[in-house]
Amino acid sequence: MKQLLCIVAIAGCLSTGLSAANYDIGISGSDRGIDGFSLSIGNYYNVPRQEIMVIERSVPREEMSVVYYLADRSHRDARYITNLRMRGISWWDISIRLGLDPRTLYVVESRRYSGPPYGKAYGHKKYNKYRLHDAEIVDLVNIRFLSDYHHISTDDVIYRRRSGENYNYINEHYRGNKDRIEKHDDRRDDRRDKGHGNSHDR
């Protein structure tokens, strides 16, 4: 009997481990766990990977930045916000439920693009009755996120979006540039250290 219980317990642990591993691989498309756009969102909002995995199960990946943007602005739990979204409530109405004003919440400053939903023009009296669609809100929040996270202008992100690039591609482009710059700086520091070493030996 004890042997049977032991086998059942081991089988349960193995199945849990395998399902977790499969889920991890399913998110990233590799065996490295969460990566890319989801990882960047987690880093920006200082969210544990485990929570990112749960939230990503509840909403599309491109909407995760909206969840955490609203959680940050309203000081509410991200799971509460995803529950509202899973009930089919629009992002505009969720914002109002959280006590936020969507007419000022989603403004993205732009020097190149004017009128809703971009620029200072949005929020002007003539646009006060303009209600943003879900896709527009997702776009505005991701533009803001990518701009802040990578320290680039919102106009650069808007231009890339209008050129047909998706959020993950834009994110990976600037992440790749960062990695190349950091590697270049590391190599330069190594050469500098070696140079100092040689001169010191002399």
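Take residue 187 and decide whether it is modelled with pLDDT under 55, farther than 23 Å from residue 64 by Cβ and of a type in the set (Lys, Arg). Step through it out loud before you land on a result.
Details: modelled with pLDDT under 55: yes; farther than 23 Å from residue 64 by Cβ: yes; of a type in the set (Lys, Arg): yes.
Spelling it out, residue 187 is indeed modelled with pLDDT under 55, farther than 23 Å from residue 64 by Cβ and of a type in the set (Lys, Arg).
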Item to check | Output for segment 142-166, where each listed residue is free of Cβ contacts under 8 Å to residues at least 24 places away in the same chain, assigned to a helix (DSSP H, G or I) and exposed (fewer than 15 other Cβ atoms within 10 Å of the Cβ) | outcome: 162
Checklist entry - Counting only residues that are at pLDDT 80 or above, under 27 Å from residue 80 (Cα atoms) and not hydrophobic (A, V, I, L, M, F, W, C), how many does segment 96-122 have? => result 7
Next on the checklist: Any residue at all in segment 127-138 that's of a type in the set (Val, Ile, Thr) and modelled with pLDDT of 85 or more?
Outcome noted: yes
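Which of the following residues is at negative phi and modelled with pLDDT under 95: 85, 73, 32? Give the derivation first.
Working: 85 fails: modelled with pLDDT under 95; 73 fails: modelled with pLDDT under 95.
Exactly one of 85, 73, 32 is at negative phi and modelled with pLDDT under 95, namely 32.
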Item to check | Search result, residues across segment 167-178 that are in contact (Cβ under 8 Å) with a residue 12 or more places away in the chain and under 19 Å from residue 136 (Cα atoms) | outcome: 167, 168, 170, 171
Checklist outcome for this item: Restricting attention to segment 70-105, the residues that are surrounded by 15 or more Cβ atoms within 10 Å (Cβ to Cβ) and more than 26 Å from residue 53 (Cβ to Cβ) number exactly 5
Checklist entry - What number of residues within segment 52-102 satisfy the criterion of being assigned to a helix (DSSP H, G or I), over 19 Å from residue 142 (Cβ atoms) and among the charged types (D, E, K, R)? => result 4
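The values are calculated or read from the model by the stated rules, or taken from the named source; none is laboratory data. None of these values were measured; they are calculated from a predicted model. Positions of Cβ are backbone-derived with ideal geometry, glycine not excepted, and every protein chain shown enters the neighbour counts.
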